[in-house]
Amino acid sequence: MRRTSRTQAGVRSGREGNDSAEGGGADGADRSGVTTGADRLESDRPPPRLPLPVRPATGRLLVLATVFVCAACGLVYELELVALASYLAGDSVTQASVVLSVMVFAMGAGSLLAKRLRPRAAVAFGLMEGALALVGGMSAMGLYACFAWLGQSRPALVAFSLAIGVLIGAEVPLLMTLIQRIRRQDAGGAVADLFAADYVGALVGGLAFPFLLLPWLGQITSALATGAVNAAVGGAVVLWLFRRDMSPRARYALLAGNALVLAALLTAATLAGPFEQAARRAVYGDAVRVALRTDVQEIVLTGRPGQPLALYLDGRLRVSERDEYRYHEALVHPAMTGPHARVLILGGGDGLAAREVLRYPDVRSVTVVEPDPEVVRLARTDPRLSALNGKVYGDARLRSVTAEPFGWLRRSAPRRAYDVIVADLGDPCGAAGMKLYSQEFYGLTRRALAPGGRLSVHAGSAGKRPRVYWTVTSTVRAAGFRTAGLRVPSDRGDWGLVLAARDGVPVLELPRGMPRVRWLTAARLRAAAAGVGAAGPEVAASTLVRPRYPG
């Protein structure tokens, strides 16, 4: 992304900067475009060097170091927007496409706008870096605020991407002009030097964001810290290295502007904690009991004493004490018709699906594969959540594995080992739907099932998103299963479930000796099956290379 826009901007600026250095820019030709002999003699003279506080070689090195830092900061802003938008709205592919495409366009526009600023390149670069530090540093906080209080983050995402892209696009043309004024150099060599610093900086910023900034500082504070670095470095190189190229009034204005930007970022950093708490209350209400940000997702538990417990993962409601028993009873018990001594639960770290499985005394082993160990820890230790799941993690028959389900099935799952597999995963949409609801994934579950084994799948809402539901059904069938569907009512609509059999046709009936449950009866099971119908629209199966689930 940065390569395309910066290359175009740099080559244009290289030509224009060289022309400016060799012939004084527009003064080297008359208005008709004809160069006079006197102009040629003037252009043959070496351009006057810009007075610097250091040697020209040191000045060039400092400018290239600035390019390095600016590139790192710019990429952090981009990744920050993609990460936060994916968390808030889901579907990381769509969010990344919006951010990157808007930024590429905006960077091209910014490089064109920078042409008019070349006569005062030092002042313009200082202003651009201050504005970029403020907009980029505040972007995460602004995006989260729009989501929390306005309920919509997409317009803010486009606006921030556009503004940041314009400011990033203006950087290299201005830096090209400044470096050419330090020492005369051919355009190709200057472009090569700038791009080398730019790409190495982008590499450092791209690696620093997921491995250092995000885990240590979080999304909001890491953006603010990046903005502070951006403002400090951009302001310092202009106010010190190019101070003789500016009037005293311009220097004082830039100094005051950068001080205000740094003060604003520092103030926002000190208020980040209260801001996050206020935004969380705006999203989840006043009943937040636990809020954690793990390497996998954000986990929020709500429900004060006397209020129903609710579990949110990445802002989406996964468990509500009001009606979760309907979902888990329908997800588990129809699949237990037949042999069920060995059960595998994919996801379901909250322990609620395991609660239903372990009600059968003839179950010998249950394996829960959960990618986030914090969900399991809360299910073990939180008094209300552990009471809701019946303290299943204290049962000797249950074994917990921390792993991503697809990779675990591929590398570690024993073949033909399980009588029942329960896929208690998030909704089939976005990046998760591309992998954990793919034909390849269901092929791996089929390989892990014993002959005659059954698979139960959470497939989203059959009523609100019927095409997604039937895509899941079609994908399970494409992996070699026979299927039957269920539509279970909930307080918020419905849950769509798919029951599949490895061999033969799945039987929609309750197992003999089923323990007492709160909701599921034979009549309700028949009604849930009738709510889906025997056949749906013809839709293609979803695979890893051809995902079919919308965002």
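Picking from Leu132, Leu143, which residue would you name as being of a type in the set (A, V, I, L, M, F, W, C) and under 17 Å from the mean Cα position of the chain (by Cα)?
Numbers: Leu132 fails: under 17 Å from the mean Cα position of the chain (by Cα).
Selected residue: Leu143, the only one of Leu132, Leu143 that is of a type in the set (A, V, I, L, M, F, W, C) and under 17 Å from the mean Cα position of the chain (by Cα).
Can you tell me which condition Val468 does not meet? The list is (1) farther than 27 Å from Ala310 by Cβ; (2) modelled with pLDDT of 90 or more; (3) touching a Pro at 6+ places or on another chain (Cβ under 8 Å); (4) of a type in the set (A, V, I, L, M), and all the others hold.
With respect to (1) farther than 27 Å from Ala310 by Cβ; (2) modelled with pLDDT of 90 or more; (3) touching a Pro at 6+ places or on another chain (Cβ under 8 Å); (4) of a type in the set (A, V, I, L, M), Val468 is out only on (1).
Exactly one of (1) under 30 Å from Arg546 (Cα atoms); (2) at pLDDT 95 or above; (3) within 16 Å of the chain's Cα centre (by Cα) is unmet by Val82. Its number?
(2)
From Ala287, Ala250, which residue is without any contact (Cβ under 8 Å) to a residue 40 or more places away in the chain and more than 21 Å from the chain's Cα centre (by Cα)? Give the derivation first.
Numbers: Ala250 fails: without any contact (Cβ under 8 Å) to a residue 40 or more places away in the chain.
That would be Ala287, the only listed residue that is without any contact (Cβ under 8 Å) to a residue 40 or more places away in the chain and more than 21 Å from the chain's Cα centre (by Cα).
Pick from Gly234, Gly257, Gly227, Gly285: which is open to solvent by less than 50 Å² (accessible area, probe 1.4 Å) and at positive phi?
Matching residue, one of Gly234, Gly257, Gly227, Gly285: Gly285.
Just the residues that are open to solvent by less than 10 Å² (accessible area, probe 1.4 Å) and either part of a helix (DSSP H, G or I) or acidic (Asp, Glu) (or both), please, taken from the stretch 140-174.
Of everything in the stretch 140-174, those that are open to solvent by less than 10 Å² (accessible area, probe 1.4 Å) and either part of a helix (DSSP H, G or I) or acidic (Asp, Glu) (or both) turn out to be Ala140, Leu143, Leu157, Ser161, Ile164, Gly165, Ile168, Gly169, Glu171, Val172, Pro173, Leu174.
Looking at the stretch 450-466, can you tell me whether even one residue there is in a loop (DSSP other than H, G, I, E, B), without any contact (Cβ under 8 Å) to a residue 40 or more places away in the chain, under 21 Å from Ala413 (Cα atoms) and touching a strand residue (DSSP E or B) at 6+ places or on another chain (Cβ under 8 Å)?
no
Before we move on, is Ser542 touching a residue at least 60 places away in the same chain (Cβ under 8 Å) and either surrounded by 14 or more Cβ atoms within 10 Å (Cβ to Cβ) or part of a helix (DSSP H, G or I) (or both)?
Taking the combined requirement at face value, the residue satisfies it.
Filter the stretch 317-330 down to the residues that are assigned to a helix (DSSP H, G or I) and either small (Gly, Ala, Ser) or under 18 Å from Arg502 (Cβ atoms) (or both) and list them by number. Reasoning before the result, please.
Filtering the stretch 317-330 down to residues assigned to a helix (DSSP H, G or I) leaves 324-330.
If the condition is that a residue be assigned to a helix (DSSP H, G or I) and either small (Gly, Ala, Ser) or under 18 Å from Arg502 (Cβ atoms) (or both), then Ala330 is the only one that fits.
Taking the stretch 494-524 only, how many residues are touching a helix residue (DSSP H, G or I) at 6+ places or on another chain (Cβ under 7 Å), closer than 16 Å to Gly338 by Cα and among the aliphatic types (A, V, I, L, M)?
Qualifying residue count, the stretch 494-524: 5.
From the set of residues in the stretch 294-337 that are of a type in the set (Phe, Trp, Tyr) and at pLDDT 95 or above, which is surrounded by the fewest Cβ atoms within 10 Å (Cβ to Cβ)?
Of everything passing the filter in the stretch 294-337, Tyr325 is surrounded by the fewest Cβ atoms within 10 Å (Cβ to Cβ).
Quick one: which residue in Arg512, Arg502 is surrounded by fewer than 16 Cβ atoms within 10 Å (Cβ to Cβ) and at pLDDT below 95?
After applying the criteria, what remains is Arg512.
The values are calculated or read from the model by the stated rules, or taken from the named source; none is laboratory data. The structure presented is a predicted model; accordingly, all values stated were derived computationally and were not measured. Here the Cβ is made from the backbone with ideal geometry for all residues, glycine too, and neighbour counts use every protein chain on show. Remember, those area values only see protein heavy atoms, side chains included, never the ligands or the DNA or RNA. Shrake-Rupley method; radii C 1.70, N 1.55, O 1.52, S 1.80 Å.
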